[in-house]
Amino acid sequence: QVQLVESGGGLVQAGGSLKLSCAASGNIFTVNIMGWYRQGPGKQRELVADMHKDGTTNYGDFVKGRFTISRNNAKNTVYLQMTNLAPEDTAVYYCNANAIEITDTMGSTYWGQGTQVTVDS
């Protein structure tokens, strides 16, 4: 199994910044993609950003240059630096990873437990 543990959520004022971290651990052979999704109140879960181990990134349209995703492949850790936060960014942020376990040949998708980000106006 692969476990994802997030940290860094919290309460911030509009215009502020937060940095989220997520570390993958367990029986890992490789982690192909690591990223972040979010789910706001009454909304569907949506992609915030993800990053392939080769450095390729994808961002949700709403990010608009405010967030930056980065990875430390050696530590199987992904980060999300969020700046210029707005109340509409309030959501539970979930770490997501596509990883291959040592005993497997195909990747599986894993989710963290989520970390709350609240932006106060």
Problem set entry | the range 39-69, subset more than 23 Å from Asn27 (Cβ to Cβ) and under 10 Å from the mean Cα position of the chain (by Cα), residue surrounded by the fewest Cβ atoms within 10 Å (Cβ to Cβ) | Leu47
For this session: List every residue pair whose Cβ atoms lie under 6 Å apart, where the two residues are 6 or more positions apart in sequence or sit on different chains, the first residue falls within the range 54-67 and is free of Cβ contacts under 8 Å to residues at least 24 places away in the same chain, and the second residue, located anywhere, is open to solvent by 80 Å² or more (accessible area, probe 1.4 Å).
Result: Arg66/Asn84
Exercise. Quick one: would you say Leu85 is closer than 18 Å to Gly112 by Cα, surrounded by 14 or more Cβ atoms within 10 Å (Cβ to Cβ) and touching a residue at least 60 places away in the same chain (Cβ under 8 Å)?
Worked result: no
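Evaluate the following for Tyr79: is it more than 24 Å from Ser121 (Cα to Cα) and of a type in the set (Phe, Trp, Tyr)? Walk me through how you get there before you give the answer.
Details: more than 24 Å from Ser121 (Cα to Cα): yes; of a type in the set (Phe, Trp, Tyr): yes.
Against the criterion (more than 24 Å from Ser121 (Cα to Cα) and of a type in the set (Phe, Trp, Tyr)), Tyr79 qualifies.
The values are calculated or read from the model by the stated rules, or taken from the named source; none is laboratory data. These numbers were taken from a predicted model, which means no experiment stands behind them. Virtual Cβ from ideal backbone geometry, glycine too; neighbours counted across all protein chains shown. In case anyone asks, the SASA skips ligands and DNA or RNA and just uses the protein heavy atoms, side chains included. Shrake-Rupley method; radii C 1.70, N 1.55, O 1.52, S 1.80 Å.
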